[in-house]
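Structure first, commentary second.
The values are calculated or read from the model by the stated rules, or taken from the named source; none is laboratory data. Owing to the predicted nature of the structure, the values given are computational and were not obtained by experimental measurement. Counting neighbours? That spans all protein chains shown, and the Cβs are built from the backbone with ideal geometry, glycine included. Each accessible area value is taken on the protein alone, full model and side chains, heavy atoms only, with ligands, DNA and RNA left out. Shrake-Rupley method; radii C 1.70, N 1.55, O 1.52, S 1.80 Å.
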Amino acid sequence: MDKRVIVIASKNKGKIKDFTEALNNDFIIKTLDDEEFKDINFSDLDEIFPTLAENALRKAKEVYNKLKTNGKFYEVIADDSGLFIDALNGLPGVRTKRCAPDGYDGNNADYILELMEGKSNRNAIFRSALVWIDHYEMVTHIFEAKCLIAESKSADESIFPLDKILKTSQGVYWTTDTTHLENKIKFIKDAIY
């Protein structure tokens, strides 16, 4: 049986890596930066809605429809994720990727650590909404994982800034916790198989 083609509706290198790792055995993976799509404008994929699911759905539909209009009938997968921190009353939530104010001298992880200074409650929930579209149906899945906000960032330079401040309930950084990584891959696979 031929492999199906799936387009990852993201330019985020970390998300592309996660999706590729989960799906490359069963799919031909394409990204928005592939040469095949150079004439299609994907610049309007901003996350403008108040929920993760709405943002993921918007990205998936937008990419699917643009591909279809250009004669490309590929499956599409998109997601939006956020960090909901107890001590910050659920913030930054859906705005996690854009939580630092304009002109802030640092990244979002630095900003979150500043907001968390002096807070004893480090509990948070990482949520991800994933949408998969093919020619016949659209499926939405929500993934949720409890985590802790670290007191300081991991020194690992190979990971994305936000991942450097997330720990498991056992105090292990997410990026070194194999159970978390396995669950992330399982979530992606469960969404489309």
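Counting only residues that are in a loop (DSSP other than H, G, I, E, B) and more than 16 Å from Arg98 (Cα to Cα), which one in the stretch 1-27 is modelled with the highest pLDDT? If we take residues in the stretch 1-27 being in a loop (DSSP other than H, G, I, E, B) and more than 16 Å from Arg98 (Cα to Cα), then Ala9 is modelled with the highest pLDDT.
Checking each residue in the stretch 132-160 for being among the β-branched types (Val, Ile, Thr) and within 19 Å of Ser120 (Cα to Cα) picks out only Ile149. Taken residue by residue, the stretch 107-114 has at least one member that is of a type in the set (A, V, I, L, M), closer than 13 Å to Gly82 by Cβ and either modelled with pLDDT of 85 or more or outside any strand (DSSP E or B) (or both).
Lys11 fulfils the conditions (1) open to solvent by 50 Å² or more (accessible area, probe 1.4 Å); (2) basic (Lys, Arg); (3) more than 21 Å from Pro161 (Cβ to Cβ) except for a single criterion, (3).
Out of Ala78, Ala150, which single residue is surrounded by fewer than 20 Cβ atoms within 10 Å (Cβ to Cβ) and in contact with a Lys or Arg (Cβ under 6 Å, 6 or more places away or on another chain)? Answer to the check: Ala150. Quick test of your reading of the structure: Ile142 fulfils all but one of (1) within 19 Å of Lys15 (Cβ to Cβ); (2) touching a Leu at 6+ places or on another chain (Cβ under 9 Å); (3) open to solvent by less than 40 Å² (accessible area, probe 1.4 Å). Name the failing condition by number. Only one criterion is unmet by Ile142, namely (3). Within the stretch 118-143, residues that are at pLDDT 90 or above sit with their Cβ atoms under 8 Å from residues that are assigned to a loop (DSSP other than H, G, I, E, B), at 6+ positions apart or across chains, in these pairs: Arg122/Ala150; Arg122/Glu151; Ala129/Thr51. Within the stretch 136-153, being closer than 30 Å to Asn65 by Cα and in contact with a helix residue (DSSP H, G or I) (Cβ under 9 Å, 6 or more places away or on another chain) holds for Met138, Val139, Thr140, His141, Ile142, Phe143. Applying the condition of being touching a residue at least 40 places away in the same chain (Cβ under 8 Å) and outside any helix (DSSP H, G or I) to the stretch 28-60 and asking which residue is surrounded by the fewest Cβ atoms within 10 Å (Cβ to Cβ) yields Pro50. Listed by first and then second residue, the pairs linking a residue in the stretch 144-171 that is free of Cβ contacts under 8 Å to residues at least 24 places away in the same chain and assigned to a loop (DSSP other than H, G, I, E, B) to a residue that is open to solvent by less than 30 Å² (accessible area, probe 1.4 Å) and not hydroxyl-bearing (Ser, Thr, Tyr), with Cβ atoms under 7 Å apart and 6 or more places separating them unless they lie on different chains, are Ser154/Lys164; Asp156/Lys164; Thr168/Cys147; Thr168/Trp174; Thr168/His180.
The condition of being in a helix (DSSP H, G or I), touching a Gly at 6+ places or on another chain (Cβ under 9 Å), closer than 30 Å to Ala150 by Cα and not β-branched (Val, Ile, Thr) holds for Lys97. Residues of the stretch 104-118 that are in contact with a helix residue (DSSP H, G or I) (Cβ under 7 Å, 6 or more places away or on another chain) and surrounded by 13 or more Cβ atoms within 10 Å (Cβ to Cβ): Asn107, Asn108, Ala109, Ile112, Leu113, Leu115, Met116.
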